[in-house]
Amino acid sequence: MSSSPSENKVTTRTFRVKKAQGDVLTMLTAYDYPTAVAVDKAGIDSILVGDSLGMVVLGYQNTLPVTMEEMLHHCRAVSRGASRALLIGDMPFMSYQASVGDAVRNAGRFLQEAGMDAVKLEGGEERLEEIRAILDAGIPVLGHLGLTPQSVHQLGGFKAQGKTAAAAYELLEDSLRLEEAGCFGIVLESVPARLANFVSSQLKIPTIGIGAGAGCDGQVLVTHDLLGLFDAFVPKFVKQYASLHQDMSQAFLSYKEEVEQGLFPEEKHTFSIPEEEWDLFLARVEEDDRG
Ligand code: KIV
């Protein structure tokens, strides 16, 4: 699979155009080469290398332990597999919160070292300085509001957000602030569908919903959830389009049984040596007196 730019490469402009035309945007996460190839081939508009990889690939309890090096490693694999989709690298916890300088340098690494087209980071008003500085460096930013998993301890768990009038109003204000700052879109995670629909109607940039209903301008899911590959828990907003964890477990069991029963490998899985070479080999063994 080539990583040369595709003719119909999706860009942040595509996001603006699709929103203006009322066309829905599609986004999925990917963390490795084969998944990126498949997602790109399916014509999904955008691939997010989410820090959700900490939970669904690396087995952490939440996204907080994920490092820049882990993110860059997975982003590089994804960028080798996708040529059309807009590639977005998720800035991990503490890669942008401590200083504006850190934020710009780390955002730059996603583009310079890992083949990403844009970055995503969590937060509203409290992150505006970092977002503006990253944008000033020429790096497109996707915002992320609502349930922001890097603040899981502050939020008291993975809970839906924006359920009071005050919280809903704050989310609307933050969305407008992110748009004004120059973000090319905003992920809305786990917010009431009514609120997400209203916010989407107030913005010129697209909203990408996850657990935010059909009124958003686009949808994103964690691919391991969609495939039924992550089985620790299934969030309410997930639709499983496959049962890959079950399929994988069944395949491993079948392999074990067949190997143990001598059913695998079969003749067709083996290589042959020409008869005359085999005879020469045996003659040599005999000569050595090993036979
Ligand atoms: O990390 C991630 O995959 C995300 C999506 C859930 C939007 O942030």
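If you filter segment 72-162 for GluC sites (Glu not before Pro), then keep DSSP loop positions with at most 10 other Cβ within 10 Å, what is left?
Numbers: sites: Glu113, Glu122, Glu125, Glu126, Glu129, Glu130; in loops: Glu113, Glu122.
Answer by residue number: there is no such site.
Say each of Leu58 and Val259 gets a label point 7 Å from the Cα, pointing the same way as Cα to Cβ; how far apart are those two points in nm?
Placing both labels 7 Å along Cα→Cβ, they lie 2.9 nm apart.
Kindly state, to the nearest 0.05, the FRET efficiency for Ala165 paired with Ala20, given R0 = 35 Å and r defined as their beta-carbon distance. List each step's numbers first, then the result.
On the way: r = 30 Å, r/R0 = 0.87.
According to the calculation, E is roughly 0.70.
Take the cross-link list Lys159/Lys239; Lys163/Lys204; Lys19/Lys236; Lys9/Lys41; Lys18/Lys236 and give me the ones stretching past 20 Å between alpha-carbons. Can you show the working numbers first?
Details: Lys159/Lys239 18 Å; Lys163/Lys204 24 Å; Lys19/Lys236 27 Å; Lys9/Lys41 12 Å; Lys18/Lys236 28 Å.
Beyond 20 Å between Cα atoms: Lys163/Lys204; Lys19/Lys236; Lys18/Lys236.
Can you check what the net charge comes to around Thr29, using other residues whose Cβ is under 12 Å from the Cβ of Thr29 (Lys, Arg +1; Asp, Glu -1)?
-3
Let me have the 222 nm mean residue ellipticity of the chain computed from DSSP H runs of 4+ only, each contributing -39500 (n - 2.57), with the sum over all residues rounded to the nearest 500.
About -12500 deg cm²/dmol.
When the chain is fully extended, how far beyond the present Cα-Cα distance does Ser151 get from Phe252, taking 0.36 nm per residue of separation?
Values: separation 101, 0.36 × 101 = 36.36 nm, distance 3.72 nm.
Computed gain between Ser151 and Phe252 is 32.6 nm.
Please report the net charge: other residues with Cβ closer than 12 Å to the Cβ of Phe264, K and R +1, D and E -1.
Values: positive: Lys256, Lys268; negative: Glu257, Glu258, Glu260, Glu266, Glu267.
Combined, the nearby Lys, Arg, Asp and Glu give -3.
Residues of the chain: accessible area per residue at 1.4 Å, in Å²? Before the final figure, lay out the partial values.
Numbers: 15460 Å² over 291 residues.
Accessible surface, normalised per residue, equals 53 Å².
Excluding the sites themselves, what is the longest stretch of the chain that contains no chymotrypsin sites (Phe, Trp or Tyr not before Pro) in a DSSP loop with at most 12 other C-beta atoms within 10 Å?
Details: sites that count: Phe233, Tyr241, Phe271.
Of all site-free stretches, the longest is 1-232.
Heavy atoms only, probe 1.4 Å: what % of the accessible area of the chain goes to carbon and sulfur, would you let me know?
On the way: 8190 of 15460 Å².
Carbon with sulfur: 53 percent of the solvent-accessible area.
The values are calculated or read from the model by the stated rules, or taken from the named source; none is laboratory data. Source: prediction; values computed, not measured. Neighbour counts run over all protein chains shown; Cβ positions are idealised from the backbone, glycine included. These accessible areas exclude ligands, DNA and RNA; they are computed on the full protein's heavy atoms, side chains included. Shrake-Rupley method; radii C 1.70, N 1.55, O 1.52, S 1.80 Å.
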